[in-house]
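The values are calculated or read from the model by the stated rules, or taken from the named source; none is laboratory data. Since the structure is predicted, the reported quantities are computational estimates derived from the model, not experimental observations. When we count neighbours, we look across all protein chains shown, and the Cβ atoms used for this are built from the backbone with ideal geometry, even at glycine. SASA here: full protein model, heavy atoms, side chains in, ligands and nucleic acids out. Shrake-Rupley method; radii C 1.70, N 1.55, O 1.52, S 1.80 Å.
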Amino acid sequence: MNASTVTVIGLGPMGRAMVNVYLAKGHTVTVWNRTASRADDLVARGAVLAATPAEAVAASDLIVLSLTDYAAMYAILDGVGDALAGRVVVNLSSDSPAASREAGRWLADRGAELLTGGVMVPENMVGTEASFVFYSGPRAIMDAHHDTLDVIGRPHYKGEDLGLAQLWYQALLDVFLTGLSSFAHAAALLASGGVKAEELVPYARENLDLVKLLLAGSATAIDTGDHTDHGANVTMMSATTDHIVAASRDAGIELELPKAVQSHYRRAIEAGHGRDSWTSLYEVIRRG
Ligand SMILES: NC(=O)c1ccc[n+]([C@@H]2O[C@H](COP(=O)([O-])OP(=O)(O)OC[C@H]3O[C@@H](n4cnc5c(N)ncnc54)[C@H](OP(=O)(O)O)[C@@H]3O)[C@@H](O)[C@H]2O)c1
């Protein structure tokens, strides 16, 4: 592809990683950050430091934001005046789908287009083969900037609704963060018996492999609403959640995570799913 011109606003670990891969691939990169000193080494590598957000926005047609949340976008862009007109803003900051949609309206009022996105790898993997990013927003804008955005990670375009990228981002992090917390919880439970976390690793890996095997069939059950039990019903598994809570209490460790899971099972039984598969938890969870 031809090297392009891009502005990156926000130079936390993620924004810095993006600037580094763009510079490494020969792109012209303008940067701006609230704390200007975070740009020093990037400028030494060839980035151009804009003096103001307006100057940063004016420097490129494509403006990538990598900020803590969408509130930071308003804090930075509110004062740039007409500079936004005709620009494409790609907000790769984490926030809710509603915040993404609201940002689309705010930018449209200023003559700019928005693509929303969520980077699905840690900053040290940005620009590698493994890197991918969920996007949503106008298809034509996505297509026009696909190659420039591909430098950060493979774009996975999810549709025109600006909320979809964050919905996908939060859904995957729901799996990821809950998985990490469950590992930390299991490690604390074992530690009460004098077992080191490293001993848990091979068993946890096998456990996660089993979870992987279960996913496709579980998705079919969820999508069709057919929660027929195939040998591990809600009542049996509910008893196990009681035992995890009891073991955690005996160990003196926190109870909130196993109690949340216990509550899913108890509510599924109350809703009449006692003899169904665990996938019926979905029916309880989705109703809130
Ligand atoms: N780090 C990762 O591995 C990773 C992975 C996937 C996704 N993400 C997402 O990528 C985004 C950026 O991540 P990060 O790790 O670079 O986060 P970070 O360290 O929190 O950096 C946030 C950036 O936002 C700026 N900022 C925050 N509030 C601001 C405000 N009110 N006004 C102006 N600037 C403001 C900070 O400026 P200052 O430098 O002046 O504080 C900094 O440039 C986040 O949404 C994060 O969830 C990160």
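Among the residues of the stretch 233-242, are any under 19 Å from GLY179 (Cβ atoms), free of Cβ contacts under 8 Å to residues at least 24 places away in the same chain and in contact with a helix residue (DSSP H, G or I) (Cβ under 8 Å, 6 or more places away or on another chain)? The answer is no, given that none of the residues of the stretch 233-242 is under 19 Å from GLY179 (Cβ atoms), free of Cβ contacts under 8 Å to residues at least 24 places away in the same chain and in contact with a helix residue (DSSP H, G or I) (Cβ under 8 Å, 6 or more places away or on another chain). Kindly establish whether GLY79 is in the same structural domain as ARG34 (by TED's automatic domain parsing) and at pLDDT below 95. When the stated conditions are applied, GLY79 passes them. Within the stretch 264-286, the set of residues being among the small types (Gly, Ala, Ser) and more than 19 Å from ALA216 (Cβ to Cβ) comprises ALA268, ALA271, GLY272, GLY274.
Only one of the listed residues (VAL175, VAL201) is open to solvent by less than 70 Å² (accessible area, probe 1.4 Å) and either outside the structural domain of ARG139 (by TED's automatic domain parsing) or β-branched (Val, Ile, Thr) (or both). That residue is VAL201. The residues of the stretch 91-134 that are under 14 Å from VAL151 (Cα atoms), surrounded by 19 or more Cβ atoms within 10 Å (Cβ to Cβ) and more than 12 Å from the ligand (Cβ to nearest atom) amount to a single one, GLY127.
Conditions (1) within 24 Å of the chain's Cα centre (by Cα); (2) assigned to a helix (DSSP H, G or I); (3) free of Cβ contacts under 8 Å to residues at least 40 places away in the same chain, marked per residue:
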residue	(1), (2), (3)
ALA3	no, no, yes
VAL8	yes, no, no
GLY15	yes, yes, no
ASN20	yes, yes, no
LEU23	no, yes, yes
THR30	no, no, yes
ARG34	yes, no, no
ALA39	no, yes, yes
VAL43	no, yes, yes
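Taken over the stretch 221-259, the criterion of being open to solvent by 80 Å² or more (accessible area, probe 1.4 Å) and over 15 Å from LEU189 (Cα atoms) is satisfied by ASP223, THR224, ASP226, HIS230, MET236. Residues of the stretch 50-73 that are over 18 Å from GLY117 (Cβ atoms), within 13 Å of the ligand (Cβ to nearest atom) and not in a loop (DSSP other than H, G, I, E, B): PRO53, ALA56.
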